[in-house]
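Each remark here refers to the structure printed beneath this line.
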């Protein structure tokens, strides 16, 4: 039997995969995983069958993000690779799929009831992101897990929508009692509303309500009213659900994973984009998408993200889309930073306290201390909208900070202590988490700094006819 290490070394010396340039840990298993994802093609199955005996299957499942385990198992079956996959690993993928299917039973039930109430009260809404993808882009909804249901409503109908959701039994969980926007907004785009999940007690069913899209106002010259004018309906089992139109849905997907999260959500969002493009290939007007991306001001985010999607999955995006669009600044550096986020070990990263990672990522001791105390005693003006709006406590800040610390000790400390004891929260994990945080900051500085420069130029360029 061949040594997996020697096989990896041999693959590195012969591979022509361009992605190996951007991620030092890229291996035969990464390449195999990307080929395995996406819709089955006869010629692709033959290639995978030839490569399967050389794959380290334990490593393949280790580098696969947990939210892609079910889909990986499905693709293994679809390509006829079951005999090559260790039985235990294949069973684990099946368990992940069954868990997702069970969760969807509850979510589908709650969504159907809410849709009925919204329609009865003539309240406009649209279903966003994961729920749409799960039912129309993936072969089966059990292959695409979601943490919550995202609903878009008109701003003027927000209170009415929240009341209907509350009447259905959904509440803001107690764990967000101390959700201070001045802490949370470190991880959101300036001006972005913070939508807290609403939970139905005892069900794990979560709903987030939005009035904004990352691809529209207030950041970009796209009126949310224009978005509402082009809402479509798509078949969902025996009902029709309202969704964004095919192009707006793509814009939203790309901006959410890139500008909204700086690629930290991992590989699955790239696969989401790939499957959406494949599904809507005949409807997508790439010339219009290119021109509209430039007009709206997020061509850099579209170029970077769609190039990575195409390079990873050979997605049918025409080369002309990239040839006729300006290349983002420091493209190679951006790709390297983005792939570090995408291929990060999500299992290990989830064990690291986010605030600790932010603190360790600071460039100086002074900044680190300042970051840490921001958690203990946040200060500043409350300028971040929250959905639902939380009551502002009249208690002294020091008392709220103390109660927040006590809650952290009660809820989070045992999790982190267990991680320390079993070795999953080692110093190396903290260093990796801090490095990823710095990477997201660098992506933001490169591209959002360019956005600010364009905006400033737009303000200073004199209009025709001006003196």
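At a glance:
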item	result
Projected-area mean, segment 297-352, by convex hull of Cα positions, square nanometres	5.0
Residues residue 101 and residue 431, FRET efficiency given R0 of 35 Å [Cβ-Cβ distance, rounded to 0.05]	0.40
Stretch gain in nm, segment residue 123-residue 175, where the contour uses 0.36 nm per residue and the Cα spacing is subtracted	15.8 nm
Ranking of 219, 228, 286, 301 by count of other Cβ atoms within 10 Å, fewest first	228, 286, 219, 301
At R0 = 35 Å, FRET efficiency that the Cβ-Cβ distance of residue 113 and residue 229 yields, to 0.05	0.80
Length gained when the stretch residue 147-residue 84 is fully extended (0.36 nm per residue, less Cα-Cα span)	19.5 nm
Burial ranking of peptide ranges 287-297, 322-332 (average Cβ count within 10 Å, highest at the top)	287-297, 322-332
Cα gyration tensor shape for segment 104-244, rounded if a/c is under 1.5, else prolate or oblate	rounded
Residues 56, 238, 245 arranged by fewest to most Cβ contacts within 10 Å	238, 245, 56
Order of 147, 45, 264 - criterion: other Cβ atoms within 10 Å of each residue's Cβ, fewest first	147, 45, 264
Viscosity 0.890 mPa s, temperature 25 °C, Stokes-Einstein D of segment 251-343 from Kirkwood C-alpha radius, µm²/s	185
Cα pair distances in segment 35-101, grouped into 10 Å bins until the bin that holds the longest one, percent each	21, 58, 20, 1
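The numbers here are math on the coordinates, done by the rules we state, and not lab data. Computed from a prediction, not measured in an experiment: that's the story for all the values here. Every residue, glycine as well, gets a Cβ built from its backbone with ideal geometry; the counts of neighbours run over all protein chains shown.
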